[in-house]
Structure formats: structure tokens, C-alpha cells
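Colleague: The structure follows.
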Amino acid sequence: GQGPRGAARGFPTLNIHALLRLENDLWIGTYSDNLLRLDVRTGRIREYSGEDGLDAPSVYALCLDRDGLLWAGTNSGICRYDPAADRFVLERAVGDWVMDIKAGPDGALWCSTVRNGVLHRRADGTWKNYRREDGLPSDYINCLQPTPGGVYVGTQQGLAVFGKEGVTALPVHGDIQKVVFDGKQVW
């Protein structure tokens, strides 16, 4: 075949939502054009779709965890890459857009959703869902940022942090689109 629909037309026509560089591969998450893996040395593109285990054609988030596993957040779930089989495995059906995935230093994964709050995959593989009733300012989560002091959560209605005491809403209001940690402080 000609490769992915978007790649056949050229990368400028793709709606790209996630990028992750892993050695000589650039993983590219797209809106409705599946997940692409570009070998930066050869220019070869491999497309991953439902036939390769992805649960949906839109990939909004990519993350590499501390064990070197690649995770993909789609418009309906969370998939894990199996390099031995060169395919994805659905880890958790969410029924919602997974917009961000971040790995914590303890082996946990933190996943943001558009309507269902934060999904936390603990290091032991069990899952917990946090929502507004658990202390988040909103169930619409834009972004996540792990830090040594906790995981900061940017929501559509403010900022919160997961710390040792649980979830704490911070006195920062509004639509928080991005949280950055520079090694010393949170921005």
C-alpha cells in the first residue's frame, strides 16, 4: 500500500496530537488517521490501526513509562504497545477521550480524560478513577504534570494536586491548559 492516508498526502495535512521520540523512531498520534511510527533514518512509516490492536483511530497521548513500555491514549481507551508482537493491547476501555498520559517515578501512570476525571494506574497494575466528588475542580482534565511534590492536574475549572494526603484543589481558577515543572517550581 501507499501507507497511511495522511502520510500519502504529506505530513502537513495530518492533524497531529502527540509525538514521542524513541531511539530512531518518531511515534505520531493523529486525529482519525491512526498512529504512525516514522523511522527517522530511513523515512519508512508504519501505521498502527484497529487491525494492530488500537481501539480507536485517534491517538491524543503517548507516554513511555519507567519500564520502557509505550502507552497510547485514544478517543476511547488506553492501549499498551507489545514490541514482541509489534501491536497494541487494550489495557483499559474508557469510553472517553484520553488527552494526556504521564508516568510517575513510582511506576504509576496518570491519565486525563475529557468527561471522567483522572485515571490512575498504580505500579501494581490496579486502576483508580478520581472525579469531581473526590476533590477535583472539574471532570474535564486538560493536562497532568508529575513532580516530586505530587501530580498537578490542570482542569477546565482550575488546578489541583495529588499529594500524600489525597487530592487538593488549589486557589487557581480558569481553564488550565498546560502545567510545566522546570525542576524547581511548577508553572
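Where a number appears in this text, it was derived from the coordinates with a stated rule and is not lab data. Computed from a prediction, not measured in an experiment: that's the story for all the values here. Counting neighbours? That spans all protein chains shown, and the Cβs are built from the backbone with ideal geometry, glycine included.
Colleague: Which whole-percent values make up P(r) of the chain when all C-alpha to C-alpha distances are grouped in 10 Å steps starting at zero?
Modeller: 9, 37, 33, 17, 4, 0
Colleague: Relative contact order for the stretch 25-72: what is it in percent, counting Cα pairs under 8 Å that are at least 6 residues apart?
Modeller: 31
Colleague: Can you compute the modelled spin-label distance between Asn24 and Val89, with each label point 7 Å from Cα toward Cβ, in nm?
Modeller: 2.7
Colleague: What number, in percent, do you get for the relative contact order of the stretch 111-170 if the mean sequence gap of Cα pairs under 8 Å and at least 6 apart is divided by its residue count?
Modeller: RCO, the stretch 111-170: 26 percent.
Colleague: Going 7 Å from the Cα of Ser32 along its beta-carbon direction, which residues of the stretch 66-87 have the amide nitrogen within less than 20 Å of the resulting point?
Modeller: Under 20 Å, as judged by backbone N against the label point of Ser32, lie 73-77 of the stretch 66-87.
Colleague: Could you give the length gained on full extension between Leu64 and Thr42, defined as 0.36 nm per residue of separation minus the Cα-Cα distance, in nm?
Modeller: Contour length minus the Cα-Cα distance gives 5.6 nm.
Colleague: Between rounded, prolate and oblate, where does the stretch 142-187 land on the alpha carbon gyration tensor, with a ≥ b ≥ c its root eigenvalues, rounded for a/c under 1.5, else prolate if a/b exceeds b/c?
Modeller: It is oblate, given that a/c is not under 1.5 and a/b is not larger than b/c.
Colleague: Could you give the nm distance between label points at Thr13 and Arg132, where each point is 7 Å from its Cα heading toward the beta carbon?
Modeller: So the label points at Thr13 and Arg132 sit 4.1 nm apart.
Colleague: While we're here: Between the stretch 30-69 and the stretch 90-112, what is the C-alpha centre distance in whole Å?
Modeller: Centre-to-centre (Cα) distance: 16 Å.
Colleague: Restricting to DSSP H runs of at least four residues, report the calculated mean residue ellipticity at 222 nm for the chain, -39500 (n - 2.57) per run over all residues, nearest 500 deg cm²/dmol.
Modeller: Calculated at 222 nm, the ellipticity per residue is -500 deg cm²/dmol.
Colleague: Given contacts defined as C-alpha pairs under 8 Å and at least six residues apart, what's the relative contact order of the chain, whole-number percent?
Modeller: Taking the mean separation of contacting Cα pairs over the length of the chain, I get 10 percent.
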